[in-house]
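Trainee: Okay, handing you the structure first.
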Amino acid sequence: MEFILLVWVSIVLVLLGVIVLIGKGDMLISGYNTLPSEKKAQYDVKRLRRVTAMLLFVIAIMLPLYELYISTLNESQIAVATIVLTVVIIAISIIGVILMNTYCKRK
């Protein structure tokens, strides 16, 4: 049952990634909407969209793979796997924020 739920969550994340990628979901990019116009002009919006969409796609792929992986573990190993997944998702998010502040800024 959890696998089906995670697949649906992954589908939603992929759809959100596609919406951001085609340019209709700029309001989903965290912090970008709240910037003043002068600061928004400092960012390459196409790159920002690509980085955000890639983050959504990576997390969408990781969730069902995680569920498939933990189905082979016993209960004590599941807790460790969950902590590892949480740390990995946080690390990916931090890398995404760093990319958004470096790769996506206009030179």
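The values are calculated or read from the model by the stated rules, or taken from the named source; none is laboratory data. Only a predicted model underlies this, so the values are computations on that prediction, with no experimental measurement involved. Reconstructed Cβ throughout: ideal geometry from the backbone, glycine too, with neighbour counts over all protein chains shown. Ligands, DNA and RNA are excluded from the accessible area calculation, which covers all protein heavy atoms including side chains. Shrake-Rupley method; radii C 1.70, N 1.55, O 1.52, S 1.80 Å.
Trainee: If the elastic network links every pair of Cα atoms under 10 Å, which of L16, L85, L48 fluctuates the most in the Gaussian network model of the chain?
Mentor: Per the Cα network of the chain with a 10 Å cutoff, L85 tops the list.
Trainee: Rounded, prolate or oblate for the chain? Axes are the square roots of the Cα gyration tensor eigenvalues, ordered a ≥ b ≥ c, and the cut-off for rounded is a/c under 1.5.
Mentor: Prolate.
Trainee: Leaving out ligands, DNA and RNA, what percent of the accessible area of region 54-107 is carbon and sulfur, probe 1.4 Å? Each step should come with its number before you reach the end.
Mentor: Numbers: 2810 of 3720 Å².
Carbon plus sulfur share of accessible area: 76 percent.
Trainee: Looking only at L63, L35, L21, which one moves most when the chain is put into a Gaussian network model with springs between Cα atoms under 10 Å?
Mentor: L35
Trainee: Here's something else I'd like to know. Toward the positive end of the charge dipole of the chain, about the Cα centre and with charges on Cβ (Lys, Arg +1; Asp, Glu -1), which of Y69, N33, F3 goes farthest?
Mentor: N33
Trainee: Helix 2-21 against the longest principal axis of the chain: what's the angle in degrees, Cα atoms only, rounded to the nearest 10?
Mentor: 10 degrees
Trainee: While we're on this one: Can you give me the accessible area per residue for region 1-74, using a 1.4 Å probe, in Å²?
Mentor: Per-residue accessible area for region 1-74 comes out at 65 Å².
Trainee: What is the angle, in °, between the Cα long axis of helix 75-102 and the longest principal axis of the Cα atoms in the chain? Nearest 10 is fine, range 0 to 90.
Mentor: That helix lies at roughly 10 degrees to the long axis.
Trainee: While we're on this one: Return the single residue from M54, M62, M27 with maximal mean-square fluctuation; model: Gaussian network over the chain, springs between Cα atoms under 10 Å.
Mentor: M27
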